[in-house]
1. Give all pairs with beta carbons closer than 6 Å in which a residue from the range 27-46 that is touching a residue at least 12 places away in the same chain (Cβ under 8 Å) meets a residue that is among the aliphatic types (A, V, I, L, M) and not in a helix (DSSP H, G or I); count only pairs at least 6 apart in sequence or on separate chains.
2. Would you list the helices (runs of 4 or more DSSP H) that sit entirely within the range 10-113 and hold 3 or more residues that are more than 16 Å from ligand 2 (Cβ to nearest atom) and within 29 Å of residue 168 (Cα to Cα)?
3. Which condition breaks for residue 81 when tested against (1) within 9 Å of ligand 1 (Cβ to nearest atom); (2) out of contact with any Leu (no Cβ under 9 Å at 6 or more places or on another chain); (3) among the hydroxyl-bearing types (Ser, Thr, Tyr)?
4. Right, residue 161: within 16 Å of ligand 2 (Cβ to nearest atom) and either under 19 Å from residue 184 (Cβ atoms) or charged (D, E, K, R) (or both) or not?
5. I need the full set of residues from the range 72-131 which are touching a residue at least 12 places away in the same chain (Cβ under 8 Å), within 28 Å of residue 157 (Cβ to Cβ) and among the charged types (D, E, K, R), in order please.
6. Name the one entry in 43, 65 that is at pLDDT 95 or above and touching a His at 6+ places or on another chain (Cβ under 8 Å).
7. Take the residues in the range 172-189 that are of a type outside the set (Val, Ile, Thr) and over 15 Å from residue 145 (Cα atoms), then tell me which one is nearest to ligand 2 (Cβ to nearest atom).
8. Assess whether residue 6 counts as being closer than 30 Å to residue 221 by Cα, β-branched (Val, Ile, Thr) and within 10 Å of ligand 1 (Cβ to nearest atom).
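The values are calculated or read from the model by the stated rules, or taken from the named source; none is laboratory data. Given the structure is predicted, the values throughout are model-derived calculations rather than measurements. Using ideal geometry, Cβ is built from the backbone for each residue, glycine included, and neighbour counts are taken over all protein chains shown.
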Amino acid sequence: SPKLIIYDLDGVITDTAEFHFLAWKKLADELGIPIDRHFNEQLKGISRMDSLDRILEQASPPMKLSTEEKIELATRKNAYYLELIEEISPEHILPGIKALLQANKEAGIKTAIGSASKNAPRILEKLGLGDTFDHIVDAAEVKKGKPDPETFTAAADALGIAYTDCIGIEDAVAGVEAINRAGMFSVGVGDKAHLSHADYLVSATNELVFEEIIRRFQEKQN
Ligand code: BG6
Ligand code: MG
């Protein structure tokens, strides 16, 4: 059996992936840079500053800004985002997640959050999940964001668990890559078109069934 399941937050526990997109879209519109949902797939799981860099590269010609200007834009985006998450409550936990967490805990398997978001603790509080996880990776302490494995290995290291005993759950292309590179079992939530590199893929969170995830994990170990 696995000893730790590491959950991504935005897009797995709750639908904040949508709010990140809407906030970036608002900023990009103001800058006259076209971005759409297809492009947004490559922003998922990516840190605030790296996301901004990718958006500025979409301008023609690419926008070159000073660090100060970039901080101003990233701060503006975050303000839009904070407005959107203001209303988040426990009802915004995605379908299937509560049952999954409960089964996870009943099985005596540890839980962690592996998020790139500096807003993760605030969102978990709003969802009523502030005390649920055994460990929350501090995004500010991670040196290399997803697709680097550090976010996931940091969670395992904090709890003293071998990477091969871990499962990671992700909705992002970069996130699934990070889990795979950590040597962990990856569960993808989303579209085959983006997440075909996941060890086990479901199309939505309501399909995340604990027993089935464990079965797939064990199948791969053998
Ligand atoms: C990730 C999201 O969880 O966190 C990204 O998938 C986001 O879209 C990143 O850019 C950083 O979030 P924040 O809240 O620190 O700006
Ligand atoms: Mg995500």
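1. Filtered contacts from the range 27-46: 28/35; 33/59; 44/172; 45/116; 45/172.
2. Values: elements: 16-31, 37-40, 48-57, 67-85, 97-106.
Per the criteria, 48-57, 67-85, 97-106.
3. (2)
4. Values: within 16 Å of ligand 2 (Cβ to nearest atom): no; either under 19 Å from residue 184 (Cβ atoms) or charged (D, E, K, R) (or both): yes.
Criteria not met by residue 161.
5. Residues satisfying the conditions are 110, 118, 122, 126.
6. Details: 65 fails: touching a His at 6+ places or on another chain (Cβ under 8 Å).
Being at pLDDT 95 or above and touching a His at 6+ places or on another chain (Cβ under 8 Å) holds for just one of 43, 65, which is 43.
7. We begin by selecting, within the range 172-189, every residue of a type outside the set (Val, Ile, Thr); these are 172, 174-175, 177-178, 180-186, 188.
Cutting the leftovers down to over 15 Å from residue 145 (Cα atoms) gives us 183-186, 188.
Values: 183: 20, 184: 16, 185: 17, 186: 13, 188: 11 Å.
Only one residue tops the list, namely 188.
8. Numbers: closer than 30 Å to residue 221 by Cα: yes; β-branched (Val, Ile, Thr): yes; within 10 Å of ligand 1 (Cβ to nearest atom): no.
Criteria not met by residue 6.
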